[in-house]
């Protein structure tokens, strides 16, 4: 095995473990209480990564037919990266039992410092992160779900 094949194989194992970790985390954050409106860029990102996924699958199949194994491993790596990003972007704006997803990351309720309604259907969360303190992001909530959001947040956020 040459060096490129070994590196590709190691990267494939690493990215696959990232996918498994992300799926495990998503599964253990409790059930979804509110799935906030997806913003344009989150939807665009999912579509973009899906198109790339299809492209890499076709390229991988083409390389398989021509027996270029290094290229097959690289195509598999990009397929895995695409799947990881699709899973991440699908959970970009959610309120769950154990915390919230915002900007592609999960924050336990203990990390949520405060929240405020900045518009009638837009809520802003302020959270503490590992590197930044007081990072904020917004969710657009459907009007009919606003009372459920208020009830859940008042129960879970201790400011």
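For 19, 95, what ranking results if the residue with the fewest other Cβ atoms within 10 Å of its Cβ goes first?
Least to most surrounded, the residues fall as 19, 95.
Can you give the relative contact order of segment 95-156 as a percent, counting alpha carbon pairs under 8 Å and 6+ residues apart?
Relative contact order, segment 95-156: 22 percent.
Run the numbers on segment 3-92 and let me know its relative contact order in percent, using alpha-carbon pairs under 8 Å that are six or more apart.
Contact order relative to length: 47 percent.
Scaled to the compact-protein estimate 2.2 N^0.38 Å, what is the alpha-carbon radius of gyration of segment 3-92, rounded to two decimal places?
1.26
Suppose a student asked you for the relative contact order of the chain, using Cα pairs under 8 Å spaced at least 6 residues apart; what percent would you report?
22
Arrange the following residues from fewest to most other Cβ atoms within 10 Å of their Cβ: 96, 21.
21, 96
Based on the Cβ-Cβ distance from residue 52 to residue 119, what FRET efficiency comes out when R0 is 30 Å, to the nearest 0.05?
The formula returns an efficiency of 0.30 here.
Using the alpha-carbon atoms, what tilt in degrees (0 to 90, nearest 10) does helix 69-90 show relative to the longest principal axis of the chain?
10
Ranking 151, 126 by Cβ neighbours within 10 Å, fewest first, what do you get?
By the 10 Å Cβ count, ascending, the order reads 151, 126.
Sum -39500 (n - 2.57) across every DSSP H segment of at least 4 residues in the chain, then divide by the residue count to get the 222 nm mean residue ellipticity, nearest 500.
That comes out to -18500 deg cm²/dmol.
Compute the acute angle (0 to 90°) between the alpha-carbon long axis of helix 3-27 and the principal axis of greatest extent of the alpha-carbon atoms of the chain; round to the nearest 10°.
It works out to around 30 degrees.
Here are a few candidate values for percent of Cα pairs over 22 Å apart: (i) 52; (ii) 47; (iii) 78. Which one was actually calculated from the structure I just gave you?
(i)
We did not get these values from a lab; they are worked out from the coordinates using the rules stated. It should be emphasised that the depicted structure is a prediction, and the values quoted were computed from it without experimental measurement. Glycine also receives a Cβ, built like all others from the backbone with ideal geometry; neighbour counts cover every protein chain displayed.
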